[in-house]
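Enquirer: Below is the structure I would like to discuss, written out as structure tokens.
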Amino acid sequence: MRVADHSGERPAWWALAAAALASFILHIPFLTTPLSVDEGGYGYVARWWASGADLYGDIWVDRPQGLLLLYRWAESLPGSDRFDIRLMAALWSCAIAVVLGLLITQVAGRRAGAAAALLSGLFSTSPVIEGFSANGELMATLPALVALALTARWQLRGGLGAMFAAGLFAGAAFLVKQSGYDGGLAAGLWLLLAAWRGWRPAREALRALAALALGVALIIGLSALHGALTGFHDWWFAIADYRLSVESVATGSVSEKFSLFTDSLRTAGPVVGVLFALALPGLWIALRRPETVLVALWFGLSLTGFALGGLFHGHYYIGPLTPLCALAALTLAAVPLRAGLALGVLVLVLPIYKAWPSYTASGTRERSLASTSDSRIVSDGAVGRYLHTHTKPGDTIYAMYADAGLYLASGRRSPYPYLWFLGIQHIPGALQRLRDTLSGPAAPRYIAVYQKPRTIDDSDRPDAVGRTLTRRYTHVATIEGVPIWRLER
């Protein structure tokens, strides 16, 4: 069974353009809403890394360098942090819709490509899965998708250059977020299947696999070289050991992980569930055709990336969402045109209903409250302004124990490298380092208390952080429900 040739079918450019336009329009209401805690944290790390701070040392994040380079680019734009980061997310979503349309056109034809682009443009921005934010899943999807599109091009035309470029993009996807391995690995597995099943001459497929691997190795090697130059152990712990030992499906109790998953379904289910139902027939179609097996492999691997994250936040669903759109498009293309249009409209009803409160909210604060349950997001602006006004540029602040977005909102640095709650809780030595920082000469000028000291500090030295807080600091204000303490001694 040979790969079907759809090279004669030109993409439905009107549909791809409409998908990109729809995606951008749906992003517009969120261009000025407060950043998520993660977005603010990534922006803060990127800003201070650009200013010469030691990444994974002075400032710490469990993400590879690629995502932070993208945030550094967004930070270099002339607008506000909030607008620039959200604009980056909007442009990324538009590009994903177009590239997905091109990919599916190559492997399944013009009609399927148009449907895939439109589904991606309309579904990927959903507020219930934080589709408007510049999360790692969204940012990694685009380079992974380009790698798959180049692989699909190779299916039809050959050329080792295309597969080497696919490897570069696949490596870049991994460097944006660890779960971005799905596109490159899907391409590699397809090449092995092509050699085994005779879809392409074995020697040709294996040479393409070598070119793909070379491209991936080059990008990962550059990342590792940077890690070696700045502290290989710190780099390796941040991007590999920490994820596997703390934030993965293999850590913690099974019941806890299952509870997190079921909780996420309560919000994401209306969007992902209807798309999944439409994608199931498409999965069966994909597995029957050599050229579309690539999409089936991508979907399966995206589920592993989703599961390995372990915490099942809403934005985790962004990872499998794009391949789901691709498989759903195969379903729509396989039925009569009118039936496909009716099905396409039907699957949009529930997601539109769930997104309606966010899009019809009267202001940015109300829109944030309609799209998140995290109160820190809506308070960051006011707390950040207070801290910025009451400190000098060289002063430091601390969000106890965690609000990574506050540092970007205030424009002030933390004297402590760990910004996220689980890191403080589980990284060896992190809690003791915090105690030493708060009790030493580098103590922050102000502390914003988001979680009570005993939330973490109740193990070998009960309430050591709490005692330091009351001994050295004075409560001076409460902003948006957040107590602010000032260093006095």
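Enquirer: Residues of region 278-295 being free of Cβ contacts under 8 Å to residues at least 60 places away in the same chain, open to solvent by 10 Å² or more (accessible area, probe 1.4 Å) and under 17 Å from Ala115 (Cα atoms), which ones?
Expert: Leu280, Pro281, Leu283, Ile285
Enquirer: Right, another one. Quick check on this structure: which one of Leu419, Leu408 is closer than 25 Å to Phe237 by Cα, part of a loop (DSSP other than H, G, I, E, B), among the hydrophobic types (A, V, I, L, M, F, W, C) and within 21 Å of the chain's Cα centre (by Cα)?
Expert: Step by step, each of Leu419, Leu408 is checked, and only Leu419 is closer than 25 Å to Phe237 by Cα, part of a loop (DSSP other than H, G, I, E, B), among the hydrophobic types (A, V, I, L, M, F, W, C) and within 21 Å of the chain's Cα centre (by Cα).
Enquirer: I'd like to know if region 11-28 contains one or more residues that are of a type in the set (Phe, Trp, Tyr), open to solvent by 10 Å² or more (accessible area, probe 1.4 Å) and over 21 Å from the mean Cα position of the chain (by Cα). Don't jump to the end; show me each part of the working.
Expert: Going through region 11-28, the residues of a type in the set (Phe, Trp, Tyr) turn out to be 13-14, 24.
Keeping just the survivors that are open to solvent by 10 Å² or more (accessible area, probe 1.4 Å) gives 13-14, 24.
Applying the additional criterion that residues be over 21 Å from the mean Cα position of the chain (by Cα) yields 13-14.
Within region 11-28, one or more residues are of a type in the set (Phe, Trp, Tyr), open to solvent by 10 Å² or more (accessible area, probe 1.4 Å) and over 21 Å from the mean Cα position of the chain (by Cα).
Enquirer: Can you find a residue in region 308-319 that is under 27 Å from Gly198 (Cα atoms), open to solvent by 30 Å² or more (accessible area, probe 1.4 Å) and either touching a residue at least 24 places away in the same chain (Cβ under 8 Å) or not basic (Lys, Arg) (or both)?
Expert: no
Enquirer: For region 86-113, how many residues meet the condition of being among the aliphatic types (A, V, I, L, M) and either more than 21 Å from the chain's Cα centre (by Cα) or open to solvent by 10 Å² or more (accessible area, probe 1.4 Å) (or both)? Give the derivation first.
Expert: First pass over region 86-113, keeping only residues among the aliphatic types (A, V, I, L, M): 87-91, 95-100, 102-104, 107-108, 112.
Still in the running and either more than 21 Å from the chain's Cα centre (by Cα) or open to solvent by 10 Å² or more (accessible area, probe 1.4 Å) (or both): 87, 91, 95, 98-99, 102-104, 107-108, 112.
Qualifying residue count for the region: 11.
Enquirer: Out of Arg365, Arg454, which single residue is part of a helix (DSSP H, G or I), more than 30 Å from His27 (Cβ to Cβ), modelled with pLDDT under 90 and open to solvent by 40 Å² or more (accessible area, probe 1.4 Å)?
Expert: The conditions single out Arg454.
Residues checked against (1) assigned to a helix (DSSP H, G or I); (2) over 15 Å from Ala279 (Cβ atoms); (3) modelled with pLDDT under 90:
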| residue | (1), (2), (3) |
| --- | --- |
| Phe312 | no, yes, yes |
| Tyr316 | yes, yes, yes |
| Thr322 | yes, no, no |
| Leu327 | yes, no, no |
| Thr331 | yes, no, no |
| Leu343 | yes, no, yes |
| Leu346 | yes, no, yes |
| Val349 | yes, yes, yes |
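Enquirer: A further question on this structure: Could you tell me how many of the residues in region 37-56 are open to solvent by less than 20 Å² (accessible area, probe 1.4 Å) and either of a type outside the set (A, V, I, L, M) or part of a helix (DSSP H, G or I) (or both)?
Expert: 10
Enquirer: If you scan region 218-246, which residues turn out to be loosely packed, with under 15 Cβ neighbours inside 10 Å and either charged (D, E, K, R) or more than 29 Å from the chain's Cα centre (by Cα) (or both)?
Expert: Asp241
Let's see how each residue does on (1) of a type outside the set (Asp, Glu); (2) part of a helix (DSSP H, G or I); (3) within 13 Å of Met400 (Cβ to Cβ):
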{"site": "Ile424", "(1), (2), (3)": "yes, yes, yes"}
{"site": "Pro428", "(1), (2), (3)": "yes, no, no"}
{"site": "Gln432", "(1), (2), (3)": "yes, yes, no"}
{"site": "Thr437", "(1), (2), (3)": "yes, yes, yes"}
{"site": "Ala443", "(1), (2), (3)": "yes, no, yes"}
{"site": "Gly466", "(1), (2), (3)": "yes, yes, yes"}
{"site": "Leu469", "(1), (2), (3)": "yes, yes, yes"}
{"site": "His475", "(1), (2), (3)": "yes, no, yes"}
{"site": "Pro483", "(1), (2), (3)": "yes, no, yes"}
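Enquirer: Could you look through region 346-362, keep only residues that are farther than 13 Å from Phe132 by Cβ and in contact with a Pro (Cβ under 7 Å, 6 or more places away or on another chain), and pick out the one that is surrounded by the fewest Cβ atoms within 10 Å (Cβ to Cβ)?
Expert: Applying the filter and picking the extreme gives Leu350.
Enquirer: Filter region 168-217 down to the residues that are open to solvent by 30 Å² or more (accessible area, probe 1.4 Å) and not in a helix (DSSP H, G or I) and list them by number.
Expert: Matches in region 168-217: Gly198, Pro201.
Enquirer: Would you check which residues across region 67-80 are under 22 Å from Tyr181 (Cβ atoms) and open to solvent by 10 Å² or more (accessible area, probe 1.4 Å) and list them?
Expert: Residues satisfying the conditions are Leu69, Leu70.
Enquirer: While we're here: Would you pick out the residues in region 390-446 that are within 30 Å of Leu244 (Cα to Cα), without any contact (Cβ under 8 Å) to a residue 12 or more places away in the chain and not charged (D, E, K, R)?
Expert: Pro428, Gly429, Gln432
The values are calculated or read from the model by the stated rules, or taken from the named source; none is laboratory data. Here the structure is a predicted model, which means the values were calculated and not measured. Neighbour counts are summed over all protein chains in view; Cβ atoms, including those assigned to glycine, are modelled from backbone coordinates with ideal geometry. Surface accessibility is based on the protein's heavy atoms, side chains included, excluding ligands, DNA and RNA. Shrake-Rupley method; radii C 1.70, N 1.55, O 1.52, S 1.80 Å.
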